[in-house]
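Working notes for the structure below.
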Amino acid sequence: MALPQAEIPAGANEEGRLNEGLESLPKITRLNRRLYALVFYILGAALLLLVLGWVLLTAIGRPVPDGIPVIIATIVGALVGVIATDTST
C-alpha cells in the first residue's frame, strides 16, 4: 500500500526533487530593511544586557538563574536568523 502524495514533500517538483531555496527567509528590501535593523539592535542590546547581568551576578557571588543561559542562547539563535537572510537588494 503506497501513498504517493505522502511520500513526496510539499516543496518537491514533479520529478520528486526538492526545490531548493523555497524555504528561505524573505529577501531584505527597502521596505523591510528598517525592521531587520530594529530587530538586530534590540536583540543585540538584550544580549549585551544579559551577558553583563550574568557577569555581575557571578562577580558579586549570587547564583545565576537557570533561565539566563537559555535566553542568551535563544537570542543568539534569533540573531543568526536575522543575519542569515538573503543579502539586501
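With the highest mean first, a sort of the peptides 61-73, 33-45 on other beta-carbon atoms found within 10 angstrom per residue produces 33-45, 61-73. In this label model, F40 and T58 are separated by 2.8 nm, measuring between points 7 Å along each Cα→Cβ vector. Once both labels are positioned 7 Å from their Cα atoms along Cα-to-Cβ, the gap between A78 and L31 label points is 2.4 nm.
The numbers here are math on the coordinates, done by the rules we state, and not lab data. Computed from a predicted model, the values in this text were never measured in an experiment. Neighbour counts are summed over all protein chains in view; Cβ atoms, including those assigned to glycine, are modelled from backbone coordinates with ideal geometry.
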